[in-house]
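Worksheet: the structure to be examined is printed underneath.
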Amino acid sequence: MFKKLFGKNTSKEQPFSDGSMDLVKGEDIPTHIAIIMDGNGRWAKKRSMPRVAGHHEGMKNVRKITRCACDLGVKVLTLYAFSTENWKRPKSEVEFLMRLPEQFLTSFLPELMERNIKVEMIGVMDSLPEYTQSALRKAMDETKDNTGLVLNFAMNYGGRAEIVMAMQQLMNDVEAGRLTIDELNEQHISQYVMTAHLPEPDLLIRTSGEVRISNFMLWQLAYTEFWFTDTHWPDFDEACLKEAISVYQNRNRRYGGLKGEETN
Ligand code: FPP
């Protein structure tokens with residue numbers, strides 16, 4: 001049933017029968033949306049709940065937003081789930097966060113398959129606990145031939161670490177004579193980062209009121225449109241996503257050049 005929703009957004013077939021699709025234009029859906037899912041802790045605190053309850057609710061929201069992105073025809077959804085800096089949190093919170101991929105993927109994998117969604121990750125897999133690695137590996141393996149939305153988890157990911165790793169590979173290639181320093185250009189660097197096979201994000205969303213990018217996709221966000229909201233991640237629903245997309249659709253992306261009659 002879901003597979004027919006992939007490809008073009010034919011409005012008659014949209015699952016948004018409540019009319020909320022009217023907010024977004026079907027023909028200019030961002031190809032790649034990246035989200036900094038912030039505010040789980042504050043969401044929980046407001047309800048006098050432990051921080052981990054906020055993370056649990058945040059995980060449930062990943063399902064909702066994945067479904068919505070998929071139905072809208074987004075091609076790549078990158079979610080910042082655990083940064084290289086998040087290891088500094090209390091051990092019990094880190095452990096809870098490390099269990100989330102397993103919980104999420106065990107219950108959601110059949111629907112991911114049904115929806116033709118491909119699971120991928122960016123970040124350093126090797127330093128994750130064994131159970132986190134095996135949940136991610138299983139999901140990536142089972143969904144590897146899916147051709148719909150790429151659900152890309154940034155786990156143990158840091159933009160600066162990614163650039164260091166890219167530089168190491170690049171210098172190896174220079175040393176091995178596969179590339180000269182004079183040949184080096186921006187496309188080369190794009191090929192060494194972890195998203196080499198993906199388009200750069202069109203839209204970055206950060207929830208919960210902070211207005212910074214916190215070491216996320218530093219290379220890839222050069223021309224991305226940013227949208228910030230005060231809403232905490234667990235409350236960020238389909239309407240919020242559509243609002244962000246609608247704002248994006250009304251932006252004028254110039255990539256440093258001029259647009260429209262200004263060019264005449
Ligand atoms: C930041 O909010 C959020 C995180 C560090 C974790 C985000 C993880 C999820 C939303 C769930 C991921 C799900 C899967 C399936 C991997 P915070 O806790 O720093 O919030 P605060 O700033 O209000 O304290």
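The values are calculated or read from the model by the stated rules, or taken from the named source; none is laboratory data. Quantities reported herein were computed from a predicted structural model and do not represent experimental measurements. Neighbour counts are summed over all protein chains in view; Cβ atoms, including those assigned to glycine, are modelled from backbone coordinates with ideal geometry. All accessible areas refer to the heavy atoms of the entire protein, side chains included, with ligands and DNA or RNA removed. Shrake-Rupley method; radii C 1.70, N 1.55, O 1.52, S 1.80 Å.
Details
- Of the criteria (1) within 22 Å of Phe216 (Cα to Cα); (2) more than 13 Å from the ligand (Cβ to nearest atom); (3) of a type outside the set (Ser, Thr, Tyr), which one Phe96 fails: (2)
- Residues of region 177-226 satisfying the condition of being away from the ligand (no atom under 16 Å from the Cβ), in a strand (DSSP E or B) and open to solvent by less than 30 Å² (accessible area, probe 1.4 Å): Leu203
- Residue among Lys138, Lys60, Lys75 that is in contact (Cβ under 8 Å) with a residue 12 or more places away in the chain, open to solvent by 10 Å² or more (accessible area, probe 1.4 Å) and touching a Ser or Thr at 6+ places or on another chain (Cβ under 6 Å): Lys75
- Residue match in region 156-171 (condition: within 16 Å of the ligand (Cβ to nearest atom), in contact with an Asp or Glu (Cβ under 8 Å, 6 or more places away or on another chain) and either open to solvent by less than 60 Å² (accessible area, probe 1.4 Å) or among the basic types (Lys, Arg) (or both)): yes
- Ala81 surrounded by fewer than 21 Cβ atoms within 10 Å (Cβ to Cβ) and either of a type in the set (A, V, I, L, M) or within 8 Å of the ligand (Cβ to nearest atom) (or both): no
- In the set (1) within 30 Å of Thr231 (Cα to Cα); (2) in contact (Cβ under 8 Å) with a residue 12 or more places away in the chain, Arg212 fails one condition alone, (2).
- Boolean, Leu109 is within 15 Å of the ligand (Cβ to nearest atom), buried (at least 16 other Cβ atoms within 10 Å of the Cβ) and within 17 Å of the chain's Cα centre (by Cα): no
- Against the conditions (1) touching a helix residue (DSSP H, G or I) at 6+ places or on another chain (Cβ under 6 Å); (2) open to solvent by 60 Å² or more (accessible area, probe 1.4 Å), Lys242 satisfies every one except (2).
- Condition check for Val124 on (1) open to solvent by 40 Å² or more (accessible area, probe 1.4 Å); (2) assigned to a helix (DSSP H, G or I); (3) closer than 21 Å to Ile35 by Cα; (4) not small (Gly, Ala, Ser): one failure, at (2).
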